[in-house]
Amino acid sequence: MTLIKSISGIRGTIGGNVGENLTPTDIVKFTAAYATFIRKSSGVEKPKIVVGRDARISGNMVSKIVIGTLIGTGCNVVNIGLATTPTTEIAVTKEGANGGIIITASHNPKQWNALKLLNSKGEFLNAEEGNEIITLAESDNFAFSMIDDLGTISKKQYLQDHINDVLSLDLVDVEAIKAANFKVAIDCVNSVGGIAIPELLYALGIKEIFKLHCSPHGNFAHNPEPLPQNLTELSSLMKNTKANVGFAVDPDVDRLVIYAENGEPFGEEYTLVAVSDYVLQHTPGNTVSNLSSSRALKDITEKNGGTYEASAVGEVNVVAKMKANNAVIGGEGNGGIIYPALHYGRDSLVGIALFLTYMAKSGKKVSELRASYPNYYMSKQKIELTPEINIDKLLEAIKVKFKDETITDIDGVKIDFPNKWVHLRKSNTEPIIRIYSEAPTMEEAQDIGKNIIDIIHSMI
């Protein structure tokens, strides 16, 4: 059982001991600390906070505790209920709210949940702000409101606003999508994607939708991380229905995975590559992804005359680098698309709309689009962390061992070789060291990662 406090929010497993898991007591402490931080940073005595959640089993319980705590600290709550992460982010700005809390553990299995904390721009808090909230929570340095100063609660829905904003984008061509008469298959893992994705597709003029796991009851039909080994049903559905394209999302709908008409995965790293290629063809500019993302985005960006930059892992880091680099699109290689023309947050809805427009305008099949991009293969491996492992000491030793290569250490250690790379970092969301590697063949990518793992084991 685990409780992780990081740049990605407060994440843990439900049940168990206080301080070791995401228990009701821990939820109250961190929510109250967040409310205290928002009141102080905004200068508003009764801040307005938007709360949305994914459909996981514990969501209703956690939501009630969060909302009750916010009201108890004098905040006025706008409860948007079951909502995607990007919808909640957009709702914060549309409400003119002082912040927001998204109750979701993203791709984690059902026993996990988390509080993702937003600022008044509907963007994630930075590391300094997150650390201030953690300090407040751990010191119990917060107070609750007296009876006459309790907050209020209102209920609203923002999915249609989100969809309308996507449809109004210059690079989304609804008429072209309608004319293409696409058949689309989807897997929404029994969470909020099952509400949002069909509504978006119908609004885009898609008439035939083949649905897998679209009932938002939170009993995930398979491991909720949208990886090929978890999406075999979608692959079969593609072949059986002769759908033109397949889409899969994670429980909070900020990661988008694409399947080709032949039932083959497009590759989660290539979601951002393809959508960026379409955007850059029409609005040339710069791009950003994190250090663990494919080199293919750099290739596509430079082909279109732009500049590519890499950030530390974490959406807030990507967004900061995008703003500094004036990027027209960016994101993370796990299928997270950030399109600033809509908002600065990973958003599967805008990714679907842009990709379908690209398909319609290019006249190409999904497999043909994939074949047009540089071929890189990525291996994602990990090492479980134990208390005796000194991660900082390990990473320093790795840097020394590979000192003759190009080293980047803004987030863990990334080693760039002439035609491949390997990136080691401590996860923000799980007690593991992630080891990502990329090369021209899968065998080479796996070999680099295994080599690093062997070196680490020899040092432990």
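Please treat every number below as a calculation from the coordinates, not as lab data. All figures in this text were calculated on a predicted structure; none of them were measured in a lab. Neighbour counts run over all protein chains shown; Cβ positions are idealised from the backbone, glycine included.
Whole-Hz ³J(HN,Hα) for each residue in the range 170-176, computed from phi via Karplus 6.51 cos²θ - 1.76 cosθ + 1.60 with θ = phi - 60°, x for glycine and proline: what do you get?
4, 8, 9, 10, 4, 5, 5
What per residue convex hull volume, in Å³, do the alpha-carbon atoms of the range 162-371 yield?
Values: hull volume 21.8 nm³, N = 210.
Each residue corresponds to 104 Å³ of Cα convex hull volume.
Exceeding 32 Å between C-alpha atoms, which entries from my cross-link table qualify? They are LYS5/LYS155; LYS239/LYS414; LYS48/LYS207.
On the way: LYS5/LYS155 29 Å; LYS239/LYS414 39 Å; LYS48/LYS207 39 Å.
The answer is LYS239/LYS414; LYS48/LYS207.
For labels at LYS450 and LYS242 in the simple 7 Å Cα→Cβ model, what's the distance in nm?
4.2
May I ask for the net charge around ALA176, where only other residues with Cβ less than 14 Å from the Cβ of ALA176 are counted and Lys, Arg are +1 while Asp, Glu are -1? Show your work: numbers first, answer last.
Values: positive: LYS178, LYS361, LYS364; negative: ASP170, ASP173, GLU175.
Net charge around ALA176: 0.
So how far, in whole Å, is the C-alpha centre of the range 109-156 from the one of the range 379-432?
The two parts, judged by their Cα centres, are 31 Å apart.
State the extension gain, in nm to one decimal, for the chain segment bounded by THR441 and ASP140, taking 0.36 nm per residue of separation less the distance between their alpha-carbons. Mind showing how you got there, number by number?
Details: separation 301, 0.36 × 301 = 108.36 nm, distance 5.18 nm.
Going from the current span to full extension adds 103.2 nm.
Looking only at Cα atoms, what is the convex hull volume of the chain per residue, in Å³?
Values: hull volume 61.5 nm³, N = 460.
Dividing the Cα hull volume of the chain by its residue count gives 134 Å³.
For the range 94-193, give the magnitude of the charge dipole about the Cα centre (Cβ charges: +1 Lys/Arg, -1 Asp/Glu; no others), in debye to the nearest 20.
Values: 8 positive and 15 negative charges, 121 e Å.
Its charge dipole is roughly 580 debye.
Would you mind checking the range 257-293 for residues with the amide N under 20 Å from a putative spin-label position 7 Å along Cα→C-beta of GLU233?
257-266
How high is the FRET efficiency between LYS121 and ILE153 when r is their beta carbon distance and R₀ equals 25 Å, given to the nearest 0.05? All intermediate terms of the calculation are to be shown ahead of the outcome.
Working: r = 23 Å, r/R0 = 0.92.
Plugging the Cβ-Cβ distance into 1/(1 + (r/R0)^6) gives 0.65.
Counting pairwise Cα distances across the range 3-157, what percent come out greater than 21 angstrom? Numbers along the way, then the final one.
On the way: 4246 of 11935 pairs.
More than 21 Å apart: 36 percent of the Cα pairs in the range 3-157.
What aspartates and glutamates could a cross-link reach from LYS242, if we take a straight Cα to Cα line under 17 Å and drop same-chain neighbours fewer than 8 places away?
Partners found: ASP187, GLU208, GLU233, GLU261, GLU264, GLU368.
Evaluate the charge dipole of the range 377-459 about its Cα centre and quote only its size in Debye, nearest 20, assuming +1 on the Cβ of each Lys and Arg and -1 on the Cβ of each Asp and Glu.
Numbers: 12 positive and 15 negative charges, 23 e Å.
It works out to roughly 120 debye.
Efficiency by 1/(1 + (r/R0)^6): what FRET value for LYS94 and LYS46, r their Cβ-Cβ distance, R0 = 22 Å, to the nearest 0.05?
Working: r = 19 Å, r/R0 = 0.87.
The pair LYS94/LYS46 has a calculated efficiency of 0.70.
If you place +1 on the Cβ of every Lys and Arg, -1 on the Cβ of every Asp and Glu, and leave all else neutral, what size is the dipole of the chain about its Cα centre, to the nearest 20 Debye?
Numbers: 45 positive and 54 negative charges, 131 e Å.
Charge dipole, the chain, about its Cα centre: 620 debye, nearest 20.
Residue-wise, which Karplus ³J(HN,Hα) couplings in Hz belong to the range 191-207, taking 6.51 cos²θ - 1.76 cosθ + 1.60, θ = phi - 60°, and x for glycine or proline?
Per residue, the Karplus-derived 3J(HN,Hα) values read 10, 5, x, x, 8, 6, 5, x, 4, 5, 4, 4, 5, 7, x, 6, 9 Hz.
Could you tell me the extents of the range 298-382's C-alpha atoms along the three principal axes, largest first, rounded to whole Å?
Principal-axis extents of the range 298-382 (Cα, largest first): 35, 33, 27 Å.
What is the Cα radius of gyration of the range 377-459 over 2.2 N^0.38 Å, N being its residue count?
1.02
Ordered by packing density, taken as the mean number of other Cβ atoms within 10 Å over each peptide's residues, highest first, how do 43-50, 313-320 rank?
Values: 43-50: 19.1, 313-320: 22.5.
Descending packing order for the listed peptides: 313-320, 43-50.
Ranking GLU129, GLU368 by Cβ neighbours within 10 Å, fewest first, what do you get?
Details: GLU129 18, GLU368 13.
With the fewest neighbours first, GLU129, GLU368 line up as GLU368, GLU129.
Grab every C-alpha pair in the range 178-273, bin the distances at 5 angstrom width from 0 up to the longest one, and report whole percents.
3, 15, 27, 26, 22, 7, 1, 0
Mind listing the phi-derived Karplus ³J(HN,Hα) values for the range 362-371, rounded to whole Hz, using 6.51, -1.76 and 1.60 with θ = phi - 60°, and x for any glycine or proline?
7, x, 9, 6, 4, 4, 6, 4, 4, 5
Take the Cβ-Cβ distance between GLU388 and TYR202 as r, set R0 to 41 Å, and report the resulting FRET efficiency rounded to the nearest 0.05. Working shown, then result.
Numbers: r = 54 Å, r/R0 = 1.32.
So the FRET efficiency works out to roughly 0.15.
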